[in-house]
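Supplied in structure tokens, the structure appears directly below.
Laboratory data are not the source of any read-out in this text; all were calculated from the coordinates shown. What you see is a predicted model, and the numbers here were worked out from it, not measured in a lab. Note that we place each Cβ from the backbone using ideal geometry, even for glycine, and neighbour counts take in every protein chain shown.
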Amino acid sequence: MALIRTENLYKSFGELDVLKDVNLVVEQGEVVCIIGPSGAGKSTLLRSLNQLEKITSGKIFIDEELFLHREKNSTVFRTASDIYKRLLLEMGMVFQSFNLFPHKTAFENVTLAPIHVKKMKKSEAEEIARELLGKVGLAEKADEYPSRLSGGQQQRLAIARALAMQPKIMLFDEPTSALDPELVGEVLGVMKDLAESGMTMLVVTHEMGFARDAASRVIFMCDGMMTEEGIPEKIFMEPENLRTKQFINSIL
Amino acid sequence: MNIRDGTSINIPRKRLLVNCVVLVAALAACVALAFLKPPASALTERISPSFIEEAGDKYNETVYDYAVFNIARGKDLRIAAAETYIGIAGQVFSVDTGFMRPVADVLLWLPALLEGAKITVSLSIIAVFVGVFMSVFLALGKMSKFKPLSKACGAYIFFFRGTPLLMQLFFVYYGLPQISSALTINNKFLAAFIAFTLNSAAYCAEIIRAAIQSIDKGQFEASRTLGLTYAQTMRLIIIPQSIRRLIPPIANEFIMVLKDVSLVSIIALSDLTHMTRSISSSSNSVLVYIPAMIIYLIITAFFSFVFDRLEKRYSVYQ
Ligand SMILES: Nc1ncnc2c1ncn2[C@@H]1O[C@H](COP(=O)(O)OP(=O)(O)O)[C@@H](O)[C@H]1O
Ligand SMILES: [Mg+2]
């Protein structure tokens, strides 16, 4: 069952075409890594899925339900707002720059959305938060403000915050790019645990080691198009496309 | 980021605290001295017997607040001779000579000046308080995607920032009754309150808008991906973070208003400046400006200190 499916997705910023006919499928339980040069449109693709960017045209299906259908300059279909919100919340997002709430403690960062969006009982949200903070190794830091945490701890907290909404799929946009090299490992470790627990993940990353070990499929994106995709061994060892080859050679 | 190491901001903060303590201590000392009235007998002993003798039954005595005594003798209403004495710290001094004269003057003026200061401070506080409340809606309105609302809020801000406060005040008090008698505002304080509130709402709206827009875009994005509505995002995420950034410019605005209140002279409302000017013209001396300015300084130092503490309290998560 595909948790995410896009059909003929186009996105342009003014004259600049950033996504060109993207047809992405992410099946339940898959860990899909998107790699590619800077400016390829990887972030824009992720942000289009959860509506942080307004697509120019195309269809997006979430959990096999039509979420949005736009043709150039007009919205053809948009789900009812309660369904829209439910489908939107099936995607959790982790940003490159964490975007934690600086005025809330680690614990409050995690409980805020469950309490205010899901209207969960406080005690229930707190139980989930405690469990998740333990899972990402931050049980000790529950009462700290984000500014008192290291970059790696902040990103792990951001993962816990997204997981607290119990999404079906997690979107990661270069989650380790803003981190000092020695802190990358702890975040990737949490992500690997998450992958092993069966979470569906769509990860934009420059960490080729992670893509090789954890990904069930790797997509190479270039110039707004999904140029090549396949299992990690194929993309890293015997890429077919010339651009993929060049990219792989340049980074390994 | 660099604000995080507290050392760079602690120094002026400490200095401000020291200034406040010194000013408050000086004021407290003055008041304590002034109130230590000497016993009545100390005064009578001090007055020369010849003065009372010559006066006969045309002798009268006025005791002012703050232990200033005025005695006079003369026929009918014409005063032939007068002497002023001042009681400070249990001692009675003759004021007619030397440097005690200004001290006696200040003590004489103080009640009127404090009366004026009360108007100045209360008008500033309620005008800025209500103004800030209004300005939140103005700022959100101006940022709204709903064009008519955003245009209307923009026009309001443009008008009140683009015309002199003096004219706005004048218009509220004298102009509105001419448009329609139903708009007459008889209470001068109320008229001044309306004008200052409308005006400071416009200024604060721009302050609030700037503070909200200085919040990282990522905060809105994270809130959206977590499913928070726009109102929840504002209430739970953006506005709480803006408050700390708001405090310094709002403090600035408050201190500007505190001084702008002197414009209420134009509608003859007796604020501190108005009081000072009328004392100055009746006593034929500009000395009264010195205690008046000191009172202004004490007020601004006090409020700077309060706002400073507030800012610190809202910075705990930094
Ligand atoms: N908000 C925006 N306005 C205009 N251009 C943008 C915007 N966001 C991204 N772009 C452009 O879109 C292209 C793709 O950006 P992005 O999706 O961030 O690439 P990637 O994440 O693969 O590095 C880049 O050329 C970038 O300059
Ligand atoms: Mg990117």
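Taking N as the number of residues in the stretch A:49-192, what value does Rg over Cα atoms divided by 2.2 N^0.38 Å take?
Values: Rg = 16.7 Å, N = 144, 2.2 N^0.38 = 14.5 Å.
Working it through for the stretch A:49-192, the quotient is 1.15.
If you plug each phi of the stretch B:153-159 into the Karplus form 6.51 cos²θ - 1.76 cosθ + 1.60 with θ = phi - 60°, what whole-Hz ³J(HN,Hα) values come out, in order, with x for Gly and Pro?
Result, rounded to whole Hz: 5, x, 5, 4, 5, 4, 5.
Here's a follow-up. Mean 1/r over all different Cα pairs, inverted: what Kirkwood radius does the stretch A:29-84 give, in Å?
This gives a value of 12.7 Å.
By DSSP, what percent of the beta bridges with both residues in the protein assembly as shown are antiparallel, rounded to the nearest 5?
Numbers: 42 of 59 bridges.
Roughly 70 percent of the DSSP beta bridges within the protein assembly as shown come out antiparallel.
Counting other beta carbons within 10 Å of each Cβ, put B:Arg277, B:Arg235, B:Arg209 in order, fewest first. Don't skip to the end; give the middle numbers.
Values: B:Arg277 17, B:Arg235 13, B:Arg209 20.
Fewest-to-most Cβ neighbours within 10 Å comes out as B:Arg235, B:Arg277, B:Arg209.
Of A:Met199, A:Met237, A:Met208, which is the most mobile in a GNM of chain A whose springs link Cα atoms less than 10 angstrom apart?
Of A:Met199, A:Met237, A:Met208, the Gaussian network model singles out A:Met237 as fluctuating most.
Which one of A:Phe172, A:Asn8, A:Ile231 is farthest out on the positive end of the charge dipole of chain A, using unit charges on Cβ (Lys, Arg +1; Asp, Glu -1) and the Cα centre as origin?
In chain A, that residue is A:Asn8.
Here is a further query. Using a 10 angstrom cutoff on alpha carbons, build the Gaussian network for chain A and name the most mobile of A:Asp143, A:Asp223, A:Asp173.
Between A:Asp143, A:Asp223, A:Asp173, it is A:Asp143 that shows the largest mean-square fluctuation.
Here is the link list: A:Lys135/B:Lys312; A:Lys59/B:Lys142; A:Lys20/A:Lys245. Which ones come out longer than 32 Å on Cα distance?
Numbers: A:Lys135/B:Lys312 34 Å; A:Lys59/B:Lys142 34 Å; A:Lys20/A:Lys245 21 Å.
Distance filter (> 32 Å) returns A:Lys135/B:Lys312; A:Lys59/B:Lys142.
Here is a follow-up. Please list, or write none, the aspartates and glutamates whose alpha carbon is within less than 19 Å of the alpha carbon of A:Lys72, excluding same-chain residues fewer than 8 places away.
Candidates past the 8-residue exclusion: A:Glu7, A:Glu15, A:Asp17, A:Asp21, A:Glu53.
Taking the Cβ of A:Gly230 as the centre, find all other residues whose Cβ is under 10 Å away and add up their charges (Lys, Arg: +1; Asp, Glu: -1).
Numbers: positive: A:Arg217, A:Lys234; negative: A:Glu228, A:Glu229, A:Glu233, A:Glu238, A:Glu240.
Here the charged neighbours net out to -3.
Which of A:Lys54/A:Lys122; A:Lys54/B:Lys151; A:Lys121/B:Lys147 have a Cα-Cα distance over 30 Å?
Values: A:Lys54/A:Lys122 34 Å; A:Lys54/B:Lys151 25 Å; A:Lys121/B:Lys147 38 Å.
Pairs exceeding 30 Å: A:Lys54/A:Lys122; A:Lys121/B:Lys147.
Report, ordered by chain and residue number, the aspartates and glutamates lying within cross-link reach of B:Lys118, taken as a straight Cα distance under 14 Å and ignoring same-chain residues fewer than 8 apart.
Once the sequence-local aspartates and glutamates are set aside, what remains near B:Lys118 is B:Asp271.
Further question: Given the options A:Pro102, A:Pro239, A:Pro37, which has the most mean-square fluctuation in a GNM of chain A, springs set between C-alpha atoms less than 10 angstrom apart?
Checking each option, the largest mean-square fluctuation is seen for A:Pro102.
Compute the convex hull volume of the Cα atoms of chain A, divide it by the residue count, and report the result per residue in Å³ as a whole number.
Details: hull volume 32.5 nm³, N = 252.
So the per-residue Cα hull volume is 129 Å³.
Which of the listed residues, B:Ile125, B:Leu114, B:Leu138, is farthest toward the dipole's positive end in the stretch B:85-187, when Lys, Arg count +1 and Asp, Glu count -1 at the beta-carbon?
Final value for the positive-end residue is B:Leu138.
In which sequence would B:Ile255, B:Ile157 go, from the one with the fewest C-beta neighbours within 10 Å to the one with the most? Before the final figure, lay out the partial values.
Working: B:Ile255 18, B:Ile157 22.
So the residues, fewest neighbours to most, are B:Ile255, B:Ile157.
Provide Rg and Dmax in Å for the stretch A:68-109, with only Cα atoms included in the calculation.
So, for the stretch A:68-109, Rg and Dmax equal 15.7, 43 Å respectively.
What is the dipole size for chain A, taken about its Cα centre, with +1 at each Lys and Arg Cβ and -1 at each Asp and Glu Cβ, in debye to the nearest 20?
Numbers: 30 positive and 36 negative charges, 157 e Å.
With Lys and Arg at +1 and Asp and Glu at -1, about 760 debye.
Now a separate question. Along each of its three principal axes, how wide is the spread of alpha-carbon positions in the stretch B:104-209, in whole angstrom units, largest first?
Principal extents (Cα only, largest first): 62, 33, 19 Å.
Using only the Cα atoms of the stretch A:71-141, what do you get for the radius of gyration and for Dmax, in Å?
Looking at the stretch A:71-141, its Cα Rg and Dmax stand at 16.0, 50 Å.
Hey, another quick one. Project the alpha carbons of the stretch A:152-252 onto their principal axes and report the range along each, largest first, in whole Å.
Reported extents, whole Å, longest axis first: 41, 29, 24.
Grab the other residues whose beta carbon is less than 13 angstrom from that of A:Leu16, score K and R as +1, D and E as -1, and report the net. The partial results should precede the final answer.
Details: positive: A:Lys11, A:Lys20; negative: A:Glu15, A:Asp17, A:Glu53, A:Asp223.
Residues close to A:Leu16 contribute a combined charge of -2.
Given Cβ point charges of +1 (Lys, Arg) and -1 (Asp, Glu) and nothing else, what value in debye, to the nearest 20, does the dipole of the stretch A:125-250 about its Cα centre take?
Details: 13 positive and 21 negative charges, 32 e Å.
In total the dipole reaches around 160 debye.
Between the stretch B:159-180 and the stretch A:1-52, how many Å separate their Cα centres?
Centre-to-centre distance over Cα atoms comes out at 57 Å.
Skipping prolines and chain starts, which residues have an amide H placed within reach, meaning under 5 Å, of the one on A:Cys222, given they are 5 or more residues away or on another chain?
Result for A:Cys222 returns A:Thr227.
A further question follows. For the protein assembly as shown, place one equal point scatterer on every Cα, skip the solvent, and apply the Debye formula. What is log10 of I(q)/I(0) at q = 0.10, 0.11 Å⁻¹?
The calculated log intensity ratios at q = 0.10, 0.11 Å⁻¹ are -0.95, -1.06.
What are the ³J(HN,Hα) couplings of the stretch A:82-87, residue after residue, when phi is run through the Karplus curve with 6.51, -1.76, 1.60 and θ = phi - 60°? Round to Hz, x for glycine and proline.
Computed from phi, the couplings for the stretch A:82-87 are 5, 5, 3, 5, 4, 5 Hz.
Moving on. Charges only on Cβ, +1 for Lys and Arg, -1 for Asp and Glu: so what's the dipole of the protein assembly as shown about the Cα centre, in debye to the nearest 20? Can you show the working numbers first?
Details: 59 positive and 56 negative charges, 241 e Å.
The dipole magnitude comes to about 1160 debye.
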